[in-house]
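Comments concern the structure below.
The values are calculated or read from the model by the stated rules, or taken from the named source; none is laboratory data. What you are looking at is a predicted structure, and each value in this text was computed from that prediction instead of being measured. Heads up, the Cβs are rebuilt from the backbone with ideal geometry, glycines too, and the neighbour counts pull from every protein chain shown. Keep in mind that these areas ignore ligands, DNA and RNA; they rest on the heavy atoms of the full protein, side chains included. Shrake-Rupley method; radii C 1.70, N 1.55, O 1.52, S 1.80 Å.
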Amino acid sequence: QVQLVESGGGLVQPGGSLRLSCAASGIRFSSHVMGWYRQAPGAQRELVARISSGGSTNYADSVKGRFAISRDDAKSMVYLQMNSLKTEDTAVYYCNAHPFPFDRWGQGTQVTVSS
């Protein structure tokens, strides 16, 4: 059974940094494109970044140059380094496969950027 567990969120001031982690189990992790998604209050969930099984990365324009996604296939982990955070980055962040997410999502991790 697929299990995705996100961690690393918190409260940070504008301009600060956070590193999110996602532990995956129950899947053949190395064969999946993995993505970080976020959902702000009242908004739809959106893809923030994704990384292929070969390590190629893509980013939403809103985070390009500030966020970096990485993966460790040996540990079935995917990470999101977030720098120069802005108030508009406030959201619950989730990891999942892309472009076909697993039905079962994790609980997400809350990121709040506020002074």
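When L11, L85, L47, L18 are checked against the criterion of being out of contact with any Gly (no Cβ under 7 Å at 6 or more places or on another chain) and among the aliphatic types (A, V, I, L, M), L11 stands alone in meeting it.
Could you tell me whether S115 is surrounded by fewer than 18 Cβ atoms within 10 Å (Cβ to Cβ) and on the phi > 0 side of the Ramachandran plot?
Details: surrounded by fewer than 18 Cβ atoms within 10 Å (Cβ to Cβ): yes; on the phi > 0 side of the Ramachandran plot: no.
Considered against the rule, which asks whether it is surrounded by fewer than 18 Cβ atoms within 10 Å (Cβ to Cβ) and on the phi > 0 side of the Ramachandran plot, S115 comes out as no.
On the given criteria, is G54 of a type outside the set (S, T, Y), more than 14 Å from the chain's Cα centre (by Cα) and over 20 Å from Q107 (Cβ atoms)? Here the answer is yes, as G54 does meet what is asked.
When the strands (runs of 3 or more DSSP E) confined to segment 1-53 are screened for residues that are surrounded by fewer than 16 Cβ atoms within 10 Å (Cβ to Cβ), those reaching at least 2 such residues are found at 3-7, 10-12, 18-25. Inspect all residues belonging to segment 78-97 and state whether any of them is within 24 Å of V2 (Cβ to Cβ), open to solvent by less than 50 Å² (accessible area, probe 1.4 Å) and touching a His at 6+ places or on another chain (Cβ under 7 Å). Among the residues of segment 78-97, at least one is within 24 Å of V2 (Cβ to Cβ), open to solvent by less than 50 Å² (accessible area, probe 1.4 Å) and touching a His at 6+ places or on another chain (Cβ under 7 Å), which makes the answer yes. Among the residues of segment 75-82, are any in a loop (DSSP other than H, G, I, E, B) and farther than 30 Å from S115 by Cβ? Checking segment 75-82: at least one residue is in a loop (DSSP other than H, G, I, E, B) and farther than 30 Å from S115 by Cβ. Listed by first and then second residue, the pairs with beta-carbon distance under 6 Å, at least 6 apart or on different chains, first residue in segment 84-109 and among the aliphatic types (A, V, I, L, M), second open to solvent by 70 Å² or more (accessible area, probe 1.4 Å), are V92/Q110.
Among the residues of segment 54-71, just one is open to solvent by less than 40 Å² (accessible area, probe 1.4 Å), part of a strand (DSSP E or B) and not aromatic (F, W, Y), namely I69.
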